[in-house]
Amino acid sequence: MRRNRPSAAAGWPLAALLLTAAVHAPAADSTRPLSGIADRTPRVHALVHARIVTEPGRVLDDATLVLRDGRIEAVGRTVSVPADAEVIDLAGRTVYPGFLDAASVYGLQPPAAAEGKPAAAPAGDHPMAAGAHHWNPGVHPESDAAAVFTPRPEAAARLRALGFTAARVAPAGGILRGKGAWVALGDAPAAGEALIADGVSQDIAFETLPMDSGRYPVSLMGSIALIRQTLSDARWYARRLQWESQHPGAARVPRSRALAALEPLLERSQVAVFATRDELDYARALALAQEFGLRPLLLGNGREYRDVRRLQQAGVGVILPLELPPPPAVEDPDAALEVGLEALQHWRLASANARVLAAAGVPFAFTTRGLSDVSGGFWPALRKLVAQGMDERDALAALTLTPARLLGVGNRLGTIAPGKRAHLVVADADLLRSEQAGIDEVWVEGRRYVLRAQRPLQHGRWQLQWTGASGPAEVEVGGKGPGLKAGAHTFTVRALAGDGWLWFVPGAALGRGRDVLAFTVARSGEGLQGRATLPDGAAVQFTARLLAPEHSAGPFVAAVSLPALPAPAGFPAGEHARAGLPRQPDLLLVRGATLWTQTARGTLPHADLLVRKGVIAAVGRDLPIPAGAQVVEAQGMHVTPGIIDAHSHIAIARGVNEASHAVTSEVRVGDVLDPTDIGILRQLAGGVTTALLLHGSANAIGGQSQIIKLRWGADAEGLKFAGAPDTIKLALGENPKQSNWGDAFTTRYPQTRMGVEQIVLDRLLAAREYAAQRRRGHARDGGPLRRDLQLEAIAEVLDGRRLAEVHGYRQDELLAFVRLAQRFGFRPTFQHVLEGYKIADVLAAGGMPASTFSDWWAYKYEVIDAIPQNAALMAHQGVLVSINSDDEEMGRRLNQEAAKSIRYGGLSPQEALALVTSNPARQLGIADRVGSLAPGLQADFVLWNGDPLALTSRAEQTWIDGRRYFDRAAVAAERARIEKQRAELIALALPERLKKLGQELPARVPDGPAGPVSADAPADGRYDSVALAAWRPPYADSRPAHSCHAGER
Amino acid sequence: MNRRLLVLAGLLLAPLAHAGAVLLDGADLYTVSHGVITRGQLLIVDGRIAALGTQVRAPADALRVDLRGQRVYPGLLAANSVLGLTEIEAVRATDDRAEAGAINPNARALAAVNADSELIPVARANGVLSVHVVPQPGRTGVLSGQSAVISLDGWTWEQMRVREPAGIHLFWPESEIPDWAPAALAERMRKQLQQRRDALERALHDVRAYAAARGAGSAPDLRWEALLPALDGRVPLFIHADGAVALREALAFIDRERVGRPVLVGGADAWRIADVLAARRIPVILGPANALPRHRGDAIDAAYRIAARLAQAGVRIAIANAATAMAAANERNLPYQAASYVAYGLDPALALRAITLTPAELLGVADRLGSLDAGKDATLFVADGDILDARTQVRQAWIRGRPVDLQTRQTRLYQRYRQKYAPVPDQG
């Protein structure tokens, strides 16, 4: 075989020509029958004189790289060129490992769909038509990118043009979405040839279906519950199949490809890639991963910097999108009120996201996914990160080494090392930082794809030596403006086909008047040579040599001055961020207040409250001031126990109701707490310290609910009231029977109160049987028992381990449930219970508490008999009564709601206050910890500036666990800082925004008849807050709120 | 009849029919217009307040009601309500709040007021004796109709009428699209907002054209006949707007169209332009204090402080509940909305005025309602304490001199079920 001589001048265009003519042949042994003459062209290349970045931070200058049959054979400075290699001289070029896109949908979508964009709508339907699939259309872990992947030559070329040589492709729709595969971005015609590795990952997303679909799940908590049950099922399924193989006569459980497909995930041979939508999803994904021992990887959303410590501690990697938020709409100061401080902060900090992760040692990979314009946006976005201080090595690692390692191909891709696949990018040395830099060629599986047939001139100052004339001594390539600057003169340049240029040199530059001379310029070694003929026939020549390159071709350079990393901003982001939990003084003495103990001691005037490490130590008059105690002077103030809201829906993310199925006891509010909900702070300002966050009332048996403390500044887990009982929501009457849902909802069982009673009875029976099986430890036929999370929660109600909170209004439905509960031996608490006064004797006899409204009524048919004396009347009959809010707004003034029971029904002030303190504490089984002021209880209390039952009083301070979580004066004092911060960020955003706006919008003049406008919606609410619920992100304004008193779902 | 017996009867809750003069004796009179007359006397003759003071001359046969230790207030005026137009929110058949379409200035709230609504006695029982009934916009609504001031006593709406039309209602098209709304929904909402804007522009154009061509002989256009008086100042134009952008646009509109008697309703962001409103003498009927701040980033007490801020700047304010079905069922809580503003700096006397005399002035009924003054309707009530306190009981009430039955569906149910458990403590 002929050995190519190193020929810099000829190498480039020749390669380009070869390539266009090349016929693709399989890389290795193929089963495909050969047609025609075998292609025996050797696929051995030696890239010589290259600057090789073998991996981020490791650079070999003037090195040789040998590729054989798609594999890297050798790399180094002293590697000898094999005899059979085609030699390619890459002097002046830099070779990088091929770039990897960690989360692509390349080849999985119809060619018309834009590459890089995830499916726009939730893909509810199963991607395959038939077979033994999971009952839920969003659960299709058996779908396999490798099985449906189709090479798309044009899309591959677009990605190659950016430097990508391989991508992990993964199904985009659904919840358990399917298996991901690495594919090469070459132009192999057959999918099999492009596949590098399959089954490397399982993509998981907390996706929901539209509320009006009626299909499961419509809420985030439903989505998580479905993942949990399915993973649990997959574990059981494997054991069950094994058991069946040992018990041939046993009944077969239905076969499921979905459950079988999850085995590698549970055995940790696959990575669980969790798609995240906001900064709260990280913790949710990590919790699931931990629960099932998965190997998690997060598909990020750009806000990872906000929760970097969690990611660091979990040792989890992240796939980062590159799209940055656009400048917020701040040009109109009035409209800018809609832009919160959090959004402004994020706009400002988003480009530092990757740097923050790098500094914390959190591994991350980049993806083109999410870029609105992949081809045009990728490099500007990446270079912007580098310009703003990201280390080039980190940027390169995120495109090479890290995705390969995180996603199971670290031994094949990601670096330039012997034994790895030949995936390369040949480019300028300053590729990652210069707008001018470009990519000459990429190599995919040892195959060369030339992007830039003609290598551009290296930017910098070139020295010129003239023969036959005298001209400028220097010319600058790549300077500002068109053409080349040579002193006072400009040379115009035009590229020639093949190689070389025409330089048009003004005669004046050569001292020859107004002529223009055309020089043909060709490469000559590292330099250039130009020739022209003067009008008189004489020859003029010049040679050019690069003096100073514009960009250093040396080792990676860091940006000259790094912008400082953003300081930890506290949590939650925005107006009232908190750097940490408020301090807990060892000793705290509140002095001289009117102390509402809500115990047998009554209300003590001029009394003191002593707290030791968050626990009440003493209550009494004239307590001595212990040494070192923090003293709060409260003369003239009233101190009450913290208010407990026994029915709240604040701080629940993306849907309060799993409103699809009639029984959803498997869903958990505790999975989806939203610690960024400003409702927490607002209710602290109303003296609330504890709340029961209930699932909605759309189903007869709803979801597991969560008791929290309103610890503003804590994360989701930190909100939970440790040791408080588990709870569950049930619902009776109009809501679960869908009375007010519209005409589309008339078929789900139940549609009547008859059906509600029967479906609850049916599930209680099922749970009882399930509990018996669990005690036996196996299924009825002796096989492994499937864990049923739905029945498990109901069984816990029967065991007395889970409190049942039963939404109901009318006495008939309440009575029916009383009898049902008595039959099964548990004692529910009734919620709303607005006709409770009609059967107060029954409730009292059954020892069943009631949590009600003070005076709401008439908003739907089943509440026309509600009366404001309900609470007092029930209390007088011996029912344990509380008053709750069920409302984000009313939650801020439960003390006032309690006061109404003095007027309506004649409760004493202490009895009235008990409705929102000690009584709800007793209902929730936490009265030994909160709800009154007595030694040994947790120090949750409120300082009021007057009688807490007066409408004109305010909570001034709210303490939880002996920490001051709310201080009205301090919050007011924050205002100036908030406004300043806002103003500063708006000043920064304004120029960016104006750039984007471009032109003034013309004033709109209406023309023609407006036409009939239909009134197709109820008068209240201009949009459907229910349909929006599952979209509401953290930090959203509170307008689309949920209230299950009127929300009907 | 024995005078002593009559006095005793006056202390009972039962309605008291008496054709002649009535002397309310010994209560503190919260006149609103001229302070508090302690241990005063107030004489009702022919349905009107004939005289009041520390000592008034009463006819010999006047029925004297001993109210020592009590307070007398003018009836509260709910300045923005749908009471009478709705009964049970979730039952569509009972809902007459909003007519279809965008431009309905001719729709008359009064004609749809259900005199026998069960919600009315509940409002009355806490001193809310007059109501401004406001037609509401549908999803696409802009000009919702003609409102009316009614008193909560009468066999029919005709008898309840105090003033009609009280004004025309323009609901300023306001964007409520959350920036995180899914694209398709956001687009739908944007379109709808534009439709509302277009409908308003077109209506303004058409009404002017109609006015110019008036008398040309064709049948009257009901819409423009209703709208014109509000544009030229014969009746107030109530402009409902909350956000800063909407308020700005509404002010520009008032200016451009030379609206004669504009009143803003809602005004969540009005405090931001308090000085402008004061300078231009544009009054505001504020929404309830018990509302969430408009934005996440607003001060946590922003909604509570609006009233004090506006009052301080010199803006005339009335305070109202939200005109929702939910609020109509609890119109009785009107004084508590005012009280919550007091907790955040509003002067208590001003708070009381904002639910009595100021709304009466804005609604053009101050000659009859809003304060205890001789010559005004005897529409007033007796309470055992501060009406701004939720623990206070309303004991008696008169509307146009007629004693009001304070029983409600709720008190009847309460009595009935107390008997089920009798004996129970005998309280309120």
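Derivation of every value follows stated rules applied to the coordinates shown; laboratory data play no part. This structure is a prediction, so every number in the text was calculated from the model and none was measured. Glycine gets a Cβ as well: all are built from the backbone with ideal geometry, and neighbour counts include every protein chain shown.
What whole-number value in cubic angstrom gives the convex hull volume per residue for the C-alpha atoms of the stretch A:635-788? Write down the numbers at each step before the final one.
Values: hull volume 25.4 nm³, N = 154.
Convex hull of Cα atoms, per residue: 165 Å³.
Modelled label-to-label distance, A:ALA250 and B:ARG258, 7 Å Cα→beta-carbon offset: nm?
The answer from the label model is 9.1 nm.
First check a/c for the stretch B:257-396, with a ≥ b ≥ c the square roots of the eigenvalues of its C-alpha gyration tensor; if it is under 1.5, answer rounded, and if not, answer prolate when a/b is larger than b/c or oblate otherwise.
Details: a/c = 1.81, a/b = 1.20, b/c = 1.51.
Oblate.
Report, please, the projected area of the stretch A:99-399 averaged over directions, based on the convex hull of its C-alpha atoms, in nm².
Values: hull surface 72.2 nm².
Dividing the Cα hull surface by four gives the mean projection, 18.0 nm².
Given all pairs of different Cα atoms, what value in angstroms does the Kirkwood hydrodynamic radius of the protein assembly as shown take?
On the way: mean 1/r = 0.0272 Å⁻¹.
It works out to 36.8 Å.
Take each uninterrupted DSSP H stretch in chain A, measure its Cα extent along the helix axis, and return the ones at 27 Å or beyond whose mean Kyte-Doolittle hydropathy is at least -1.0. Write out the running numbers ahead of the final one.
Values: long enough: A:220-246 (39 Å, -0.39); A:753-776 (35 Å, -0.53); A:968-997 (41 Å, -0.22).
Flagged H segments are A:220-246, A:753-776, A:968-997.
Relative to 2.2 N^0.38 Å, what does the C-alpha radius of gyration of the stretch A:733-889 come to as a ratio? Two decimals please. Intermediate values should be presented prior to the final figure.
Working: Rg = 17.6 Å, N = 157, 2.2 N^0.38 = 15.0 Å.
With N residues counted in the stretch A:733-889, Rg over 2.2 N^0.38 Å equals 1.17.
For the stretch B:76-369, what relative contact order do you get, as a whole percent, if you take Cα pairs closer than 8 Å and at least 6 residues apart?
Working: 602 pairs, mean separation 58.9, N = 294.
With pairs under 8 Å counted, the relative contact order is 20 percent.
What ranking of B:LEU388, A:LEU534, A:LEU834 emerges when the number of other C-beta atoms within 10 Å of each C-beta is taken as an exposure proxy, fewest first? Write out the running numbers ahead of the final one.
Values: B:LEU388 22, A:LEU534 15, A:LEU834 25.
Neighbour counts put them in this order, fewest first: A:LEU534, B:LEU388, A:LEU834.
Over all distinct alpha-carbon pairs, what is the Kirkwood Rh of the stretch A:341-450 in angstrom? Mind showing how you got there, number by number?
On the way: mean 1/r = 0.0651 Å⁻¹.
Answer for the stretch A:341-450: a Kirkwood hydrodynamic radius of 15.4 Å.
At 30 angstrom or more along the helix axis (alpha-carbon based) and mean Kyte-Doolittle of -1.0 or higher, what helices does chain B contain? Whole DSSP H runs only.
On the way: long enough: B:183-212 (44 Å, -0.81).
Correct list, ordered by number: B:183-212.
Can you tell me how much longer the chain between A:TRP135 and A:ALA508 gets when fully stretched, taken as 0.36 nm per residue apart minus their C-alpha distance, in nm with one decimal? Present the calculation step by step, with values, prior to reporting the outcome.
Numbers: separation 373, 0.36 × 373 = 134.28 nm, distance 8.20 nm.
Extra length from A:TRP135 to A:ALA508 when fully extended: 126.1 nm.
Dividing the alpha-carbon radius of gyration of chain B by 2.2 N^0.38 Å (N being the number of residues), what value is obtained?
Values: Rg = 22.6 Å, N = 428, 2.2 N^0.38 = 22.0 Å.
Against the empirical 2.2 N^0.38 Å value, I get 1.03 for chain B.
Compute the label zone of A:GLU154 within the stretch A:360-383: residues whose backbone N is under 18 Å from the point 7 Å along Cα-to-Cβ.
It comes to A:373-376, nothing else.
Only helical DSSP H runs with n ≥ 4 go in: add -39500 (n - 2.57) per run for the protein assembly as shown, normalise by residue count and round the 222 nm mean residue ellipticity to 500 deg cm²/dmol.
Details: 39 runs with 386 residues, N = 1477.
That calculation yields -7500 deg cm²/dmol at 222 nm.
Please compute, for peptide A:861-872, the average count of beta-carbon atoms on other protein chains lying within 10 Å of each residue's beta-carbon.
Details: counts 6, 2, 4, 7, 4, 4, 9, 7, 9, 4, 0, 5.
Mean shielding by partner chains, rounded to a whole number: 5.
For the stretch A:252-346, just say rounded, prolate or oblate: build the C-alpha gyration tensor, square-root its eigenvalues into a ≥ b ≥ c, call rounded for a/c under 1.5, and beyond that prolate if a/b exceeds b/c, oblate if not. Provide the component values of the computation, followed by the final result.
On the way: a/c = 3.45, a/b = 2.41, b/c = 1.43.
Prolate is the answer for the stretch A:252-346, as a/c is 1.5 or above and a/b outweighs b/c.
Viscosity 0.692 mPa s, temperature 37 °C: what is the translational diffusion coefficient of the stretch A:643-966 from Stokes-Einstein with a Kirkwood Rh over Cα pairs, rounded to a whole number of µm²/s? Before the final figure, lay out each step's value.
Working: Rh = 19.9 Å.
The diffusion coefficient I find is 165 µm²/s.
Taking each residue in B:388-398, count the Cβ atoms of any other chain within 10 Å of its Cβ, then average. What number comes out? Show your work: numbers first, answer last.
On the way: counts 3, 8, 16, 12, 2, 3, 1, 0, 0, 0, 0.
That average works out to 4.
Do you know the relative contact order of chain A, to the nearest whole percent, from alpha carbon pairs under 8 angstrom that are 6+ apart?
Relative contact order, chain A: 10 percent.
Report the charge-dipole magnitude of the protein assembly as shown in Debye, nearest 20, computed about the Cα centre from +1 at each Lys and Arg Cβ and -1 at each Asp and Glu Cβ.
Numbers: 164 positive and 154 negative charges, 299 e Å.
The dipole magnitude comes to about 1440 debye.
Considering only DSSP beta bridges with both partners in the protein assembly as shown, what is the antiparallel share in %, to the nearest 5? Please list the in-between numbers first.
Working: 142 of 228 bridges.
So the antiparallel bridges in the protein assembly as shown amount to around 60 percent.
If each residue's Cβ is checked for other Cβ atoms within 10 Å, how do B:ILE150, B:ILE49 rank with the fewest at the top?
Numbers: B:ILE150 29, B:ILE49 24.
Starting with the residue having the fewest Cβ neighbours, the order is B:ILE49, B:ILE150.
What is the stretch A:737-883's relative contact order, in percent, from Cα pairs under 8 angstrom and six or more apart in sequence?
Values: 209 pairs, mean separation 23.3, N = 147.
The value is 16 percent.
Please work out, to two decimal places, the log10 of the ratio I(q)/I(0) at q = 0.10, 0.18, 0.20 Å⁻¹ from a Debye calculation in which every Cα of the stretch A:129-223 carries one identical scatterer.
For the stretch A:129-223, the Cα-only Debye profile gives -0.34, -0.83, -0.92.
Calculate how many DSSP beta bridges within chain B are antiparallel, expressed in % of all such bridges and rounded to the nearest 5. Intermediate results must be reported in sequence, preceding the final value.
Working: 33 of 63 bridges.
Taking every DSSP beta bridge within chain B, about 50 percent pair in antiparallel fashion.
From the C-alpha gyration tensor of the stretch A:872-949, pull out the three semi-axes of the equivalent ellipsoid (sqrt of 5λ each), sorted largest to smallest, in whole Å. Don't skip to the end; give the middle numbers.
On the way: eigenvalues 73, 51, 32 Å².
In descending order, the three semi-axes are 19, 16, 13 Å.
Would you calculate the separation in nanometres between label points at A:ARG77 and A:ALA488, each defined as 7 Å from the Cα along the Cα-to-beta-carbon direction?
4.7
Going by the alpha-carbon gyration tensor, a ≥ b ≥ c the square roots of its eigenvalues, is the stretch A:460-548 rounded (a/c under 1.5) or, if a/c is not under 1.5, prolate (a/b greater than b/c) versus oblate?
Working: a/c = 1.39, a/b = 1.20, b/c = 1.16.
It comes out rounded by the Cα gyration axes.
With r as the distance between the Cβ atoms of A:LEU581 and B:ARG281 and R0 = 45 Å, compute the FRET efficiency 1/(1 + (r/R0)^6) and round to 0.05.
0.35
Counting partner chain Cβ atoms within 10 Å of every residue's Cβ in A:945-951, what's the average?
Values: counts 1, 1, 2, 0, 3, 8, 15.
Average per residue, whole number: 4.
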